[in-house]
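Written below as structure tokens is the structure these notes are about.
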Amino acid sequence: MDSLNATHSSSRTVAVLLPLPLAGPYDYAVPDGVALSPGDIVTAPLGARQMVGVVWGAAKGGVAPTKLKPVRAKLDLPPLPDDLRRFIDWVAAYTLAAPGAVLRLAMRAPSAMQTPQRLQTVYRAGGPLPEKITPARERVLACAKTAPLSVAELARKAEVSTSVVRGLVDAGTLLPVVVARASVVEKPDAEHPGPQLSEHQTVSARALCDAVQAQTYSCSLLHGVTGSGKTEVYFEAITQALRRGKQALVLLPEIALTVQFLERFAARFGCLPAQWHSQLAEPKRRDIWRAVACGEARVVVGARSALYLPFAELGLIIVDEEHDAAYKQEDGVTYHARDMAVVRAHLTDIPIVLSSATPSLETMVNAQTGRYRHLLLPDRHGGALLPGIEAVDMRAAGLPAGQFLSPRLAHLMAQTLARGEQVLLFLNRRGYAPLTLCRACGSRMECPNCSAWLVEHRFHNRMLCHHCGHEAQKPKACPTCGEADRLVACGPGIERLAEEVAGAFPEFIPAILSGDNSVAQARETIAAFTRGETRLLIGTQIVAKGHHFPGLTLVGVIDADLGLAGGDLRAAERTFQMLHQVSGRAGREKQAGRAVLQTYMPEHPVMQALISGNQAKFLEAESAARQARTLPPFGRLAALIISGPDQEQVRGFAVALARAAPHGANLHVLGPAPAPLALLRGRHRTRLLLMATRQHDVQALLRAWLARVKIPPAVRLSVDVDPYSFM
Ligand code: ADP
Ligand code: ZN
């Protein structure tokens with residue numbers, strides 16, 4: 001970083017956007033002898049602080065140049081690319097977020113902005129041998145003989161802990177060498193041999209390769225049944241991008257659990273891709289951010305935030321499992337990463353691929369109207385059959401209270417296990433029981449901060465709020481009436497289901513997988529089940545996504561109706577997608593698979609669509625219902641959530657906001673109404689919903705509306721354009 005002198009006799013000025021939720025860029029003076037262009041990354045003062053910001057364009061004026069503070073320094077980094085800056089402005093305008101808040105998403109690697117470390121210490125063999133030589137030490141020395149490596153690299157290669165390596169450094173056996181820092185990412189090899197594609201796969205792959213070849217905006221929906229080889233097909237598109245010297249970005253909904261994906265990528269391209277997600281340690285973030293910015297990282301696999309990386313030569317975006325609700329970011333800047341990925345592809349003028357077995361209605365409509373290319377893979381690879389899906393009518397099952405496995409499912413489980421195959425039970429509820437009730441007075445154990453029940457986690461012996469994290473010990477006596485030993489668990493969570501399963505199948509220990517497990521634990525559980533070491537897996541939605549379990553032939557859905565409760569406009573669509581995905585884990589190889597849906601409403605259209613396998617008919621009915629009510633994707637929605645510690649103040653402001661609401665033909669404002677989660681983390685919450693047509697400029701309406709009211713200091717107003725959560 002070359003610090004610039006504070007002399008600025010000239011009258012040159014620029015606008016600099018800081019990564020803060022401010023109204024817009026601020027003007028600064030440009031010191032003499034410095035040339036600044038849009039995109040340059042600089043440090044500039046804000047109050048007493050020095051901030052890293054980005055030159056956004058010409059100054060707005062309004063303040064005399066001599067009164068402006070000067071930019072302090074221009075950093076030695078590639079400028080933020082023009083398409084990324086336009087994307088940031090676009091996202092800000094669309095979501096009504098502050099541009100600086102969106103810029104912050106693109107600058108999530110603070111140390112990348114500092115002086116780069118260009119040197120690194122590596123170690124080579126060559127010193128005197130230590131007195132004690134163990135097999136572990138021998139392996140390290142063998143590795144260090146081939147090439148000097150860092151401590152971490154030596155430990156990984158020799159499969160020892162870093163302390164073994166450090167021991168050899170301390171003993172003087174390994175000698176330090178200071179070298180220029182090696183690249184942090186490997187180069188995927190486009191010419192690495194891939195699989196022989198089937199006829200259908202070849203047709204789709206060719207269409208995608210043509211799109212990459214064209215290097216202009218296009219959107220393709222890669223729509224293939226589970227196990228049809230969508231990944232192999234879009235790998236071909238990545239190959240094409242690599243050959244053309246372009247970078248590729250693959251978005252996945254759940255990056256922490258993508259070990260299988262990474263292994264497949266490595267098998268196809270000879271090395272791992274660069275990875276980007278929120279759990280990356282800071283040094284790694286810095287390295288990847290820079291590697292993306294200078295074009296060294298050719299393929300990035302990431303969670304939604306990877307969309308804001310400063311790609312130098314982005315030439316292809318892939319959104320895998322495009323229908324997944326995890327793509328919607330709910331806090332801070334609220335955006336839908338799939339929709340914004342399409343926008344980014346548009347602004348950068350490059351192709352994008354949306355991949356799914358159960359595309360969202362939004363995407364299907366775009367495919368039907370011809371806005372997206374529709375590529376179909378109708379069969380599973382290698383002749384594997386889609387699982388047969390049957391419903392078990394729980395009204396007729398007559399289970400005693402506290403029991404959740406129907407005789408039919410238990411029977412199929414016994415048969416499957418006896419054949420040496422694997423069983424997956426799906427229940428999208430963490431913990432032991434969702435509700436604890438006092439049998440004496442009828443009161444329910446509730447969170448003091450949220451309008452939500454406390455969920456018992458018997459394994460850790462805690463009562464937990466899944467919304468705010470409030471924790472308590474399970475009391476012996478009812479907190480309301482004081483009666484002892486009258487609290488009962490109601491309904492199943494996966495821990496309780498595991499208890500029942502262990503009782504029914506004592507010779508198999510069920511593995512459990514949910515968001516309560518650490519990423520490392522989850523990876524291990526999934527790996528063990530993939531290898532067939534565990535025979536029975538019980539899990540929440542984590543197990544539904546993308547996994548390939550070769551020996552799994554039976555999937556049991558314990559409560560297929562769970563997602564249908566509540567008034568969410570996408571409840572049916574989401575339940576269909578989730579159950580289709582989880583059923584699709586069964587029978588992906590030689591043995592045929594089967595899925596069982598336990599339901600109290602087997603006649604429901606979602607259950608009927610799953611049993612008949614008629615996805616098209618279901619989507620048509622959903623589509624017609626939404627069209628009739630002008631709901632997305634045929635209409636537009638925006639939610640306004642008002643929250644604050646004082647209930648009266650929140651209600652008062654909500655009423656004032658409703659009074660200032662826009663009027664017009666085909667424009668409706670619903671509310672104010674208390675949110676379903678009327679109390680969250682100690683804040684009272686009220687909602688308003690704006691319903692408009694596709695012809696309305698929703699952002700303009702919202703801006704004008706918000707300009708008519710003044711938000712009281714203790715009240716928070718958050719705007720959610722295209723809401724997915726109605727809580
Ligand atoms: P999807 O993403 O559509 O669910 P995958 O890409 O995961 O399907 O493919 C399912 C399985 O079939 C994977 O194990 C994959 O490696 C294998 N597979 C798919 N296509 C081929 C092919 N052409 N040759 C060999 N194996 C394939
Ligand atoms: Zn809570």
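Assorted remarks:
- Yes/no for THR369 being more than 27 Å from the chain's Cα centre (by Cα) and not basic (Lys, Arg): yes
- ASP393 among the charged types (D, E, K, R) and assigned by TED's automatic domain parsing to the domain that holds THR525: yes
- Residues in segment 443-457 that are crowded, with 16+ Cβ neighbours inside 10 Å and away from ligand 2 (no atom under 13 Å from the Cβ): GLU456, HIS457.
- The residue of segment 558-579 that is nearest to ligand 1 (Cβ to nearest atom), among those that are assigned to a loop (DSSP other than H, G, I, E, B) and more than 22 Å from ASP722 (Cβ to Cβ), is ALA560.
- Close pairs (9 angstrom Cβ cut-off, 6 or more residues apart or separate chains): closer than 14 Å to VAL392 by Cβ and in the same structural domain as MET578 (by TED's automatic domain parsing) in segment 589-609, assigned to a strand (DSSP E or B) and hydroxyl-bearing (Ser, Thr, Tyr) anywhere: ARG594/THR553; MET607/THR599
- MET364 being in the same structural domain as ILE288 (by TED's automatic domain parsing), away from ligand 2 (no atom under 16 Å from the Cβ) and part of a helix (DSSP H, G or I): yes
- Of all residue pairs spaced 6 or more apart or on separate chains, those with beta-carbon atoms under 7 Å, a first member in segment 66-89 that is farther than 23 Å from ALA101 by Cβ and a second member that is of a type in the set (Asp, Glu) and at pLDDT below 95 are ALA73/ASP2.
- Search result, residues across segment 407-432 that are of a type in the set (S, T, N, Q) and not in a helix (DSSP H, G or I): GLN422, ASN428
- Scoring PHE404 on the criteria (1) out of contact with any helix residue (DSSP H, G or I) (no Cβ under 8 Å at 6 or more places or on another chain); (2) not in a strand (DSSP E or B) leaves a single failure, condition (1).
- Flag for CYS478 being touching a Ser or Thr at 6+ places or on another chain (Cβ under 7 Å) and either farther than 30 Å from MET727 by Cα or outside the structural domain of TYR600 (by TED's automatic domain parsing) (or both): yes
- Residue count for segment 339-358, restricted to those that are out of contact with any helix residue (DSSP H, G or I) (no Cβ under 7 Å at 6 or more places or on another chain) and within 25 Å of ALA621 (Cβ to Cβ): 2.
- Condition check for GLY491: within 14 Å of ligand 2 (Cβ to nearest atom) and of a type in the set (Gly, Ala, Ser): no
- Pairs are defined by a Cβ separation below 8 Å, a sequence spacing of at least 6 or placement on different chains, a first member in segment 559-570 that is within 21 Å of ARG395 (Cα to Cα) and not assigned by TED's automatic domain parsing to the domain that holds ALA675, and a second member that is of a type in the set (Lys, Arg) and in a helix (DSSP H, G or I); the pairs so defined are GLY563/ARG574.
- Residue ID - surrounded by the fewest Cβ atoms within 10 Å (Cβ to Cβ), chosen from residues in segment 220-234 that are among the β-branched types (Val, Ile, Thr) and within 6 Å of ligand 1 (Cβ to nearest atom): THR231
- Residue that is nearest to PRO283 (Cα to Cα) [pool: residues in segment 170-189 that are at pLDDT 90 or above and crowded, with 19+ Cβ neighbours inside 10 Å]: PRO188
- Residue match in segment 427-441 (condition: within 16 Å of ligand 2 (Cβ to nearest atom), at pLDDT 90 or above, surrounded by fewer than 16 Cβ atoms within 10 Å (Cβ to Cβ) and over 27 Å from the mean Cα position of the chain (by Cα)): no
- Meets criteria (buried (at least 21 other Cβ atoms within 10 Å of the Cβ), in contact (Cβ under 8 Å) with a residue 12 or more places away in the chain, outside the structural domain of LEU307 (by TED's automatic domain parsing) and not in a helix (DSSP H, G or I)) for VAL42: yes
- Residue within segment 381-399 that is under 27 Å from the mean Cα position of the chain (by Cα) and more than 16 Å from ligand 1 (Cβ to nearest atom) present: no
- Of all residues assigned to segment 314-323, at least one qualifies as being within 17 Å of LEU80 (Cβ to Cβ) and either surrounded by fewer than 24 Cβ atoms within 10 Å (Cβ to Cβ) or touching a residue at least 60 places away in the same chain (Cβ under 8 Å) (or both).
- Among residues of segment 451-472 that are over 14 Å from ARG681 (Cβ atoms) and in a loop (DSSP other than H, G, I, E, B), those with a Cβ under 6 angstrom from a residue that is more than 16 Å from ligand 1 (Cβ to nearest atom) and of a type in the set (D, E, K, R), sequence gap 6+ or separate chain, pair up as ARG458/GLU495; PHE459/GLU495.
- Top-ranked residue in segment 262-297 [being within 21 Å of the chain's Cα centre (by Cα) and among the basic types (Lys, Arg); ranked as nearest to HIS192 (Cα to Cα)]: ARG264
- Only listed residue being within 16 Å of ligand 1 (Cβ to nearest atom) and in a helix (DSSP H, G or I), chosen from VAL582, VAL555: VAL582
- Test: ALA520 is surrounded by fewer than 16 Cβ atoms within 10 Å (Cβ to Cβ), more than 21 Å from PRO400 (Cβ to Cβ) and either among the hydroxyl-bearing types (Ser, Thr, Tyr) or modelled with pLDDT under 90 (or both): yes
- Neighbours by Cβ (under 8 Å, 6+ apart or cross-chain): first from segment 684-697, over 26 Å from VAL715 (Cα atoms) and in the same structural domain as ARG659 (by TED's automatic domain parsing); second of a type in the set (Ser, Thr, Tyr) and modelled with pLDDT under 95: THR693/THR630
- When ARG523, ARG458, ARG531 are checked against the criterion of being within 16 Å of ligand 1 (Cβ to nearest atom), more than 21 Å from LEU679 (Cβ to Cβ) and either not hydroxyl-bearing (Ser, Thr, Tyr) or not assigned by TED's automatic domain parsing to the domain that holds ASP646 (or both), a single residue qualifies: ARG531.
- The one condition in (1) out of contact with any helix residue (DSSP H, G or I) (no Cβ under 9 Å at 6 or more places or on another chain); (2) in a helix (DSSP H, G or I) that PHE529 fails to fulfil: (1)
- Looking only at residues of segment 355-372 that are over 14 Å from PRO633 (Cα atoms) and away from ligand 1 (no atom under 13 Å from the Cβ), we find that the one that is surrounded by the most Cβ atoms within 10 Å (Cβ to Cβ) is TYR372.
The values are calculated or read from the model by the stated rules, or taken from the named source; none is laboratory data. As the structure is a prediction and not an experimental result, all values here were calculated from the model. Backbone-built Cβ (ideal geometry, glycine too); neighbour counts: all protein chains shown.
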